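These notes are about the structure you will find just below.
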Amino acid sequence: MKKTPRCPWPVFDDPLYLDYHDREWGVPLREDQRLFEFLVLEAFQAGLSWRTILHKRENFRKAFAGFDPVKVSRFGPRDFTRLKNDAGIVRNRAKITATINNARRFLEIQKEFGTFSRYMWSWVGGKPIVHHFRNLKDYPPFTDEALAWAKDLKARGFKFLGPTVVYAHMQAVGMVNDHVVSCFRRKGKTVRPVQGPTSVVSG
């Protein structure tokens with residue numbers, strides 16, 4: 001069977017992780033509620049693996065009101081207690097508090113710029129930055145753009161969104177195209193091709 005060339009990082013015995021790579025990762029997003037979803041998930045990922053967060057994603061969706069920033073911004077003490085006791089998510093007090101705070105900061109940016117998307121995409125000139133990575137060692141922990149944006153987010157009061165987490169967000173929502181040069185997804189294909197047993201072919 002012909003092998004499908006992919007990035008070297010997905011866990012190939014994990015269909016959910018593989019599907020995330022094949023259909024979502026790196027697809028440019030400009031819809032605010034989806035962007036808020038990724039900001040929430042990336043903040044909770046800090047210090048953990050994305051695979052862990054991905055498998056709790058639907059639990060997070062239910063816990064955080066479908067990732068509606070307006071609803072999350074209104075969370076109070078009862079919601080905090082509910083979230084702190086929710087075994088389906090990551091029960092980290094600081095991250096829960098940060099997420100509620102970040103929802104409020106998110107709405108402030110919407111008010112200032114019209115949409116969070118407009119603000120976010122301004123950090124890469126409105127279109128994805130295309131990198132030319134060939135294997136895992138080529139990936140930096142963050143880029144100059146991620147560092148600058150993280151600094152601005154911190155100044156605006158966001159929490160748990162340092163440069164490494166911000167860069168992961170940029171990769172996820174397509175602000176950068178970080179599929180390796182040999183990956184079938186690099187040119188924007190989002191539907192998994194017909195294939196035999198899954199195998200990675202790195203650059």
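The values are calculated or read from the model by the stated rules, or taken from the named source; none is laboratory data. Every value quoted in this text rests on a predicted model; they were computed, and no experiment measured them. All Cβ positions, glycine included, derive from the backbone under ideal geometry; neighbour counts span all protein chains shown. For accessibility, only protein heavy atoms count, side chains too; no ligands or nucleic acids. Shrake-Rupley method; radii C 1.70, N 1.55, O 1.52, S 1.80 Å.
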### Message
I'm checking my understanding of the structure. Among residues of the range 53-90 that are among the acidic types (Asp, Glu) and more than 15 Å from residue 103 (Cα to Cα), which one is least open to solvent (accessible area, probe 1.4 Å)?
### Response
86
### Which numbered condition residue 113 fails, given (1) closer than 28 Å to residue 7 by Cβ; (2) among the hydrophobic types (A, V, I, L, M, F, W, C); (3) open to solvent by 60 Å² or more (accessible area, probe 1.4 Å)
(1)
### Summary
When the range 169-183 is checked residue by residue, the ones that are over 12 Å from the mean Cα position of the chain (by Cα) and assigned to a loop (DSSP other than H, G, I, E, B) are 178, 179, 180, 181, 182, 183
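Residues are listed down the side, and each one gets a yes or a no for (1) open to solvent by 10 Å² or more (accessible area, probe 1.4 Å); (2) touching a Gly at 6+ places or on another chain (Cβ under 9 Å); (3) modelled with pLDDT of 95 or more; (4) among the small types (Gly, Ala, Ser):
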| site | (1), (2), (3), (4) |
| --- | --- |
| 6 | no, no, no, no |
| 11 | yes, no, no, no |
| 15 | yes, no, no, no |
| 28 | yes, yes, yes, no |
| 31 | yes, no, yes, no |
| 34 | yes, no, yes, no |
| 37 | no, yes, yes, no |
| 46 | yes, yes, no, yes |
| 51 | yes, no, no, no |
#### Entry: Where residue 134 falls short, out of the listed (1) open to solvent by less than 30 Å² (accessible area, probe 1.4 Å); (2) over 16 Å from residue 69 (Cα atoms)
(1)
### Query
Got at least one residue in the range 140-149 being within 20 Å of residue 34 (Cα to Cα), of a type in the set (S, T, N, Q) and outside any helix (DSSP H, G or I)?
no
### Message
Regarding the range 141-149, can at least one residue be identified that is polar (S, T, N, Q), farther than 30 Å from residue 76 by Cα, open to solvent by less than 70 Å² (accessible area, probe 1.4 Å) and in contact (Cβ under 8 Å) with a residue 24 or more places away in the chain?
### Response
yes
### Task
Check whether at least one residue in the range 16-30 is free of Cβ contacts under 8 Å to residues at least 24 places away in the same chain, within 29 Å of residue 137 (Cα to Cα) and not hydrophobic (A, V, I, L, M, F, W, C), and report yes or no.
no
### Query
If a residue has to be of a type in the set (Asp, Glu) and closer than 21 Å to residue 104 by Cα to count, how many in the range 43-91 make the cut?
2
### Task
With respect to residue 190, determine if the residue is within 17 Å of the chain's Cα centre (by Cα) and at pLDDT below 95.
yes
### Complete set of residues in the range 110-126 that are closer than 15 Å to residue 177 by Cα and either free of Cβ contacts under 8 Å to residues at least 12 places away in the same chain or touching a Phe, Trp or Tyr at 6+ places or on another chain (Cβ under 7 Å) (or both)
123, 125, 126
### Message
Please verify whether residue 156 is more than 22 Å from residue 48 (Cβ to Cβ), open to solvent by 40 Å² or more (accessible area, probe 1.4 Å), in contact with a Gly (Cβ under 9 Å, 6 or more places away or on another chain) and not polar (S, T, N, Q), treating the condition exactly as stated.
### Response
no
